[in-house]
1. To the nearest Å, what is the center-to-center distance of segment 77-99 and segment 44-64, using C-alpha atoms only?
2. Rounded if a/c is under 1.5, else prolate if a/b is larger than b/c, else oblate: which is segment 2-106, with a ≥ b ≥ c the root eigenvalues of its Cα gyration tensor?
3. Take ARG92 and ARG65, extend 7 Å from each Cα along the Cα→Cβ direction, and tell me the distance between the two endpoints in nm.
Amino acid sequence: MKRTRDCDGDAYGELYLRLGDFRQCFARHLFADPEDAYGEFVRELVDQIRYGFLQDPDALLAQARTRAMRKTADRIQCLTTAARILSTLPKRHREVLIRAQLAPCSSLGQGGDRAPVRRAGAPAA
């Protein structure tokens, strides 16, 4: 932890590898990009160490587990809230919003362009 506090880049890499099981946790719990969520998670832990909020090396794993559970719970709450809000919309509005959000994902590797969104009931091009 001293090396991390002293901004040793190798210590950051070791911590990143040591806590790798949390990457699968983020992947299982519907994070759009588990690698980004995991990288942010490790960066937050490093900040906690650097600023002296986490000083006991024996508490690192417990602190990491607690932060991962909170991050996952927040994500699930966010998705639940979004689903509840979407369910209140008329079907055609809900479809447009969902399509607009999913289109960038389905076009990856194809120039990154968004798929065209058409009005409900309009003929396909």
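Laboratory data are not the source of any read-out in this text; all were calculated from the coordinates shown. Bear in mind the structure is a predicted one, so any value in this text is a computation, not a measurement. Heads up, the Cβs are rebuilt from the backbone with ideal geometry, glycines too, and the neighbour counts pull from every protein chain shown.
1. If you average the Cα positions of each part, the centres end up 38 Å apart.
2. On the way: a/c = 3.39, a/b = 2.51, b/c = 1.35.
Prolate, because a/c is 1.5 or more and a/b exceeds b/c.
3. The modelled label-to-label distance comes out at 5.2 nm.
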